[in-house]
Ligand SMILES: *Cc1c(COP(=O)(O)O)cnc(C)c1O
């Protein structure tokens, strides 16, 4: 039972956090009990006392996440947003943070509308690597990266940022939101991140039926502080959600590989199509940061997310998104089923046009989350929808 550090990803995905019980159940039971018996006052029979503090299903998931991210410690929360909130809540009052500019909308909202209430101020930049030295202040405590970004799929060289942060010798935490790639494609802790976070709602659970967040770290002090806050704040996942996420995670490698391979084919098709103005996809050698992709992603795989600008403006984007047969028009990503959306009027609709366009989110941008249906069927679907919708 259990995994070795030398085991490969797929072995860890299946066996890490494996449960052992008196019945020899191959699959762990769902442990709904909120409280656990003690043999004498303050002497729990096992390791559990109360389910907010720790629960067998959550613990098994946390062990699995740590293993897949090459971290020593893992923690699970009630959502990706709760994970972000707990990390930002751990900063001392009056801290300063630096974040990439086109960070996930909910993270941006937390930085600017919630964390600021306890005096945490954030600087945003679209060129983190170069701007870092001039943005750092006396009270800078955290640097936040998302790579690739949403929806324009810009890549950040995590190792280069980490080296710069460490050279400042200032005890600044480097956090990477790895939601878009999943631990199968990249492990930010290997490149010097202190904490890696995920909305497990996306690829890790992978079946669009759980909202949950996780983080992993190698630093015991960080882990203990965040575990304390996990219990103190109580934004924890239910045992059933932890169990479902752990089940989803066991096929992560198969799902993400297949989604990437299909996305690669679709991106190559779009890149050569006369009805498409531009394609953002990290797996294309023409991507601006393909050198970083080769270093940072498993086998230079580009992941399951693509965005592209269709000819014919907002009208063509709207037509395209209602002309697909298999890609469903919906927000979110990372599930087994393919989805698409128009960020300018959906996920990024709240951002003023000028700021939106400055980060590449034009009215004619379409975002695809490529699922694991047959790749040729998906390509065919994109082809027929383009023919119906693009302005010639
Ligand atoms: C969805 C998402 C989040 C937020 O996660 P929830 O589980 O929806 O709270 C954070 N970061 C990224 C990149 C996301 O895609």
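The values are calculated or read from the model by the stated rules, or taken from the named source; none is laboratory data. Predicted model only: the values in this text are computed from it and were never measured. With ideal geometry, Cβ positions are generated from the backbone for all residues, glycine too; neighbour counts draw on all protein chains shown.
If you go through the range 325-336 and keep only what is within 16 Å of residue 365 (Cβ to Cβ) and either within 12 Å of the ligand (Cβ to nearest atom) or surrounded by 17 or more Cβ atoms within 10 Å (Cβ to Cβ) (or both), you end up with 327, 331, 333. Annotation: of all residues in the range 281-291 being in contact with a helix residue (DSSP H, G or I) (Cβ under 8 Å, 6 or more places away or on another chain) and within 16 Å of residue 157 (Cβ to Cβ), the one that is surrounded by the most Cβ atoms within 10 Å (Cβ to Cβ) is 282. Each residue in the range 76-123 was checked for being within 16 Å of the ligand (Cβ to nearest atom), closer than 23 Å to residue 169 by Cα and more than 19 Å from the chain's Cα centre (by Cα), and 3 of them qualify. Could you tell me whether residue 258 is closer than 22 Å to residue 200 by Cα, touching a residue at least 12 places away in the same chain (Cβ under 8 Å) and under 23 Å from the mean Cα position of the chain (by Cα)? In short, yes.
If only residues of the range 173-223 that are out of contact with any strand residue (DSSP E or B) (no Cβ under 9 Å at 6 or more places or on another chain), without any contact (Cβ under 8 Å) to a residue 40 or more places away in the chain and more than 11 Å from the ligand (Cβ to nearest atom) are counted, the one that is farthest from residue 81 (Cα to Cα) is 221.
Taking the listed residues 91, 75, the one that is touching a strand residue (DSSP E or B) at 6+ places or on another chain (Cβ under 9 Å) and crowded, with 22+ Cβ neighbours inside 10 Å is 75, with no other qualifying. Give the residues of the range 60-72 that are part of a loop (DSSP other than H, G, I, E, B) and either in contact with a strand residue (DSSP E or B) (Cβ under 6 Å, 6 or more places away or on another chain) or within 14 Å of the ligand (Cβ to nearest atom) (or both), sorted by residue number. Hits for the range 60-72 are 69, 71. Filtering 136, 165 for residues that are over 13 Å from the mean Cα position of the chain (by Cα), buried (at least 22 other Cβ atoms within 10 Å of the Cβ) and more than 13 Å from the ligand (Cβ to nearest atom) leaves a single hit, 165. Taking residue 101 as the residue in question, decide whether it is farther than 13 Å from residue 87 by Cβ, surrounded by 15 or more Cβ atoms within 10 Å (Cβ to Cβ) and in contact with a strand residue (DSSP E or B) (Cβ under 7 Å, 6 or more places away or on another chain). It is true that residue 101 is farther than 13 Å from residue 87 by Cβ, surrounded by 15 or more Cβ atoms within 10 Å (Cβ to Cβ) and in contact with a strand residue (DSSP E or B) (Cβ under 7 Å, 6 or more places away or on another chain).
Please tell me if residue 86 is crowded, with 17+ Cβ neighbours inside 10 Å, at pLDDT below 95 and assigned by TED's automatic domain parsing to the domain that holds residue 236. No: the conditions fail for residue 86. Filter the range 223-264 down to the residues that are under 30 Å from residue 369 (Cα atoms) and assigned to a loop (DSSP other than H, G, I, E, B) and list them by number. Selection gives 235, 236, 237, 238, 250, 251.
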